[in-house]
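Colleague: One structure, as structure tokens, below. Some questions next.
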Amino acid sequence: MSVEQRIKIAIGADHAGFKYKELLKVFLSDTYEVKDFGTYSPDSVDYPDFAHPVASAVESKEFAFGILVCGSANGVAITANKHQHIRAAICWLDELAGLARKHNDANILCVPERFVSEELAKQMAITFLTTDFEGGRHGGRVNKISC
């Protein structure tokens, strides 16, 4: 599959998520077109500076999905969810990553680096990116989210 045909993923992190962001970027790049929105080092930074650009990229539909990583995933999720058409889900189990897509049509996966293993982070990313939204009764609920 050519680069133009691959699904585009926006990825970003703060300093507490830098290690897993780098790991996921490499892990996913064989299958997906991955754009790194930073941070680019483990030096202390402010998570909104990276969550907003990832959320904007997904909201504009330039990217199909986003992945954000921080220590707890709370900060990046709260920030990303300020965007009107973003549904950012904090996941710490593979099943939650699947349900976030199936039932909530989540478009950004938020990974808490301090609370999941590297292998689980990779598995959640694959599950999130390969699970389809079920629609149906869930579609009606998702349509009620926007203010």
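The values are calculated or read from the model by the stated rules, or taken from the named source; none is laboratory data. The structure displayed is predicted, hence computed values, not measured ones. Please note: Cβ atoms are built from the backbone with ideal geometry, for glycine as well, and neighbour counts cover all protein chains shown.
Colleague: For segment 1-21, enumerate the residues that are farther than 21 Å from N74 by Cβ and either surrounded by 18 or more Cβ atoms within 10 Å (Cβ to Cβ) or under 14 Å from the mean Cα position of the chain (by Cα) (or both).
Modeller: Answer for segment 1-21, where residues must be farther than 21 Å from N74 by Cβ and either surrounded by 18 or more Cβ atoms within 10 Å (Cβ to Cβ) or under 14 Å from the mean Cα position of the chain (by Cα) (or both): I7, K8, I9.
Colleague: Another question, then. Taking I86 and the conditions (1) assigned to a helix (DSSP H, G or I); (2) touching a strand residue (DSSP E or B) at 6+ places or on another chain (Cβ under 7 Å); (3) among the β-branched types (V, I, T), which numbered condition does it fall short on, given that it satisfies the others?
Modeller: Evaluating I86 over (1) assigned to a helix (DSSP H, G or I); (2) touching a strand residue (DSSP E or B) at 6+ places or on another chain (Cβ under 7 Å); (3) among the β-branched types (V, I, T) leaves (1) as the failure.
Colleague: Now a separate question. Which residues, counting only those in segment 89-108, are over 23 Å from D30 (Cα atoms) and either in a helix (DSSP H, G or I) or over 11 Å from the mean Cα position of the chain (by Cα) (or both)?
Modeller: Residues satisfying the conditions are W92, L93, E95, L96, L99, A100, K102, H103, N104, D105.
Colleague: Can you tell me which residue within segment 69-83, out of those that are part of a helix (DSSP H, G or I) and in contact (Cβ under 8 Å) with a residue 12 or more places away in the chain, is surrounded by the fewest Cβ atoms within 10 Å (Cβ to Cβ)?
Modeller: N74
Colleague: For A89, state whether it is closer than 20 Å to S146 by Cβ and in contact with a Ser or Thr (Cβ under 7 Å, 6 or more places away or on another chain).
Modeller: So A89 fails the test.
Colleague: Further question: V111: of a type in the set (A, V, I, L, M, F, W, C), part of a helix (DSSP H, G or I) and touching a residue at least 40 places away in the same chain (Cβ under 8 Å), yes or no?
Modeller: Criteria not met by V111.
Colleague: Among the residues of segment 1-38, how many are part of a helix (DSSP H, G or I) and either modelled with pLDDT under 95 or touching a strand residue (DSSP E or B) at 6+ places or on another chain (Cβ under 7 Å) (or both)?
Modeller: Of the residues in that region, 10 qualify.
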